Amino acid sequence: MAVSRRLYFLMFTADGADGLCRSVITLANGLADRYEIELISLYRRRKSLAYDLDPRVTVTNLHDARPVGPKGHRRGGRVRIKDHPDRDPQAAALDSQPSSLVGRAADPTMSRLTDTLLKTKLEGLPPGVLVSTRPALHAAAAEYAPPEMITIAQDHQNFVTRMPALRELIQTSSRRLDCLVTLSNADRCAYAETLAGSGTIVEAIPNAVPWRIGPTAALDNKIVVTGGRLVPSKGFDRLVAAFEPITRTRPDWELHIYGKGDLEPKLRKQIGDLRITQQVRLLGQSDYFREALSKASVFASGSHTEGFPMVLLEAMSVGLPPVAFDVPSGPADLIDDGANGHLVVDGDLAGFTKALRRLIDSQELRRRLGSAAQQVARSYEIESVTARWEDLFERLERGSVRSIESAGRGSQPGGRRPSRWLASTRTRSSDRRTETRGA
């Protein structure tokens with residue numbers, strides 16, 4: 001049986017400047033010469049995409065959630081239509097009703113409006129492969145995808161840190177889908193155990209490096225670099241705390257933090273209170289993060305949890321030796337302690353400082369571990385990752401999972417007839433822009 005050439009990625013938003021959007025777009029670009037690909041984006045929040053997208057890939061936005069400025073023009077951000085009933089009373093009424101797919105505890109952003117948007121779009125899709133990328137969207141795929149559609153849930157977080165409501169939603173939805181794809185082997189084992197007997201295939205396929213593996217960083221600048229969204233889960237506060245002793249004994253070394261987020265004011269205060277503003281710099285979101293990595297000598301991650309640590313992989317791809325906490329799922333998939341970087345017991349700040357100092361004090365060690373790190377990153381280049389996805393598509397289409405007829409998909413009664421707010425809008429190539437973030 002020939003593998004379908006139609007491939008759909010179902011996303012919360014396609015224009016986010018985050019790891020999920022970057023990973024999906026990287027994968028779509030890598031498959032664009034062999035598949036007819038559509039990114040189905042529930043919400044539109046920006047004028048243009050944050051990442052460069054192959055012009056052969058189509059983006060369909062189901063709902064333009066951008067706020068309207070004083071002159072009636074759309075601007076970046078996101079508002080709920082229920083808070084602006086004057087724009088479309090019918091859509092606002094739907095948005096005020098709870099979703100029939102998921103409870104508010106699992107995803108408060110869902111509503112009867114999003115149910116209607118998803119139902120209308122998914123039920124009308126021609127046969128192909130549908131990859132959903134968020135727990136609530138897994139539920140939508142299970143409920144609304146046509147019976148002949150191959151359905152895959154891709155989980156971008158890790159099993160142990162999921163809230164119980166979301167973990168239950170993933171498990172319930174995945175039992176009605178053909179496959180669940182995790183980012184790590186640890187998560188694959190955990191979900192395979194919980195889904196035992198369902199007939200759902202569980203696979204582990206990591207994300208790809210978003211660029212070609214190229215020249216190795218010189219590793220002679222006195223810079224430790226890190227990046228990501230400035231949110232509590234990324235642990236930048238404990239990274240600053242672990243670097244503070246180094247500022248006293250190695251005052252010519254600096255920690256550069258790239259990214260933006262709600263934690264920024266707290267971090268600025270912490271850095272100021274420690275009196276290390278000259279050695280620890282908050283540099284915001286960068287359009288040239290790869291260049292920033294290449295100019296550093298060590299990469300550090302303070303994350304409390306990871307699904308798949310893309311920034312860590314990006315750093316390793318340019319030959320930076322990494323230091324990371326050994327948190328559940330993620331860093332241990334990439335770092336072999338002492339061979340291509342350092343893994344530190346989660347929460348051991350003194351141990352983290354010691355690992356950083358070891359690399360700071362030895363350029364020979366930096367080069368040895370950095371070279372090994374880059375070799376690991378080569379196995380995550382796009383050709384390797386797309387080959388694994390295509391193999392999965394072929395196995396699923398050839399019937400290596402239970403028949404679709406036994407999947408038990410159904411559909412609930414539809415909502416009201418879609419209003420003008422429910423119409424899909426396509427993003428034109430001219431609306432896209434190329435940008436490299438620091439997160």
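Can you work out which of the residues in the stretch 63-106 that are over 18 Å from Gly16 (Cα atoms) and of a type in the set (Asp, Glu) is modelled with the lowest pLDDT? Among those residues, the one meeting the criterion is Asp86.
Just name the residue that is surrounded by the most Cβ atoms within 10 Å (Cβ to Cβ) out of those in the stretch 190-209 that are under 19 Å from Phe308 (Cα atoms) and at pLDDT below 90. The qualifying residue surrounded by the most Cβ atoms within 10 Å (Cβ to Cβ) is Tyr191. For the stretch 368-388, the set of residues classified as in contact with a Leu (Cβ under 7 Å, 6 or more places away or on another chain), more than 19 Å from Leu255 (Cα to Cα), in a helix (DSSP H, G or I) and not aliphatic (A, V, I, L, M) consists of Thr386 only. For the stretch 137-148, a residue qualifies if it is surrounded by fewer than 24 Cβ atoms within 10 Å (Cβ to Cβ) and either of a type in the set (A, V, I, L, M, F, W, C) or touching a Gly at 6+ places or on another chain (Cβ under 6 Å) (or both), and exactly one does: Ala142. Given the criteria part of a strand (DSSP E or B), in contact with a Leu (Cβ under 9 Å, 6 or more places away or on another chain) and farther than 30 Å from Arg398 by Cβ, does Arg281 qualify? Answer is yes for this residue. Taken together, Arg162, Arg134, Arg112 contain a single residue that is touching an Asp or Glu at 6+ places or on another chain (Cβ under 9 Å) and at pLDDT below 90, which is Arg162. Being touching a Leu at 6+ places or on another chain (Cβ under 8 Å), farther than 17 Å from Arg378 by Cα, small (Gly, Ala, Ser) and surrounded by fewer than 22 Cβ atoms within 10 Å (Cβ to Cβ) is a property that holds for Ala292. Here Ile40 fulfils each of the conditions (1) surrounded by 22 or more Cβ atoms within 10 Å (Cβ to Cβ); (2) closer than 20 Å to Ala208 by Cβ; (3) at pLDDT 95 or above; (4) not small (Gly, Ala, Ser) apart from (2).
Only a single item in (1) among the charged types (D, E, K, R); (2) in contact with a Pro (Cβ under 9 Å, 6 or more places away or on another chain); (3) at pLDDT 95 or above is not met by Asp361, and it is number (2). Of all residues in the stretch 8-30, those that are assigned to a strand (DSSP E or B) have Cβ atoms under 6 Å from Cβ atoms of residues that are polar (S, T, N, Q), 6 or more apart or on another chain, in Leu10/Ser132; Met11/Ser41; Met11/Thr133; Thr13/Ser41.
The values are calculated or read from the model by the stated rules, or taken from the named source; none is laboratory data. The structure displayed is predicted, hence computed values, not measured ones. Positions of Cβ are backbone-derived with ideal geometry, glycine not excepted, and every protein chain shown enters the neighbour counts.
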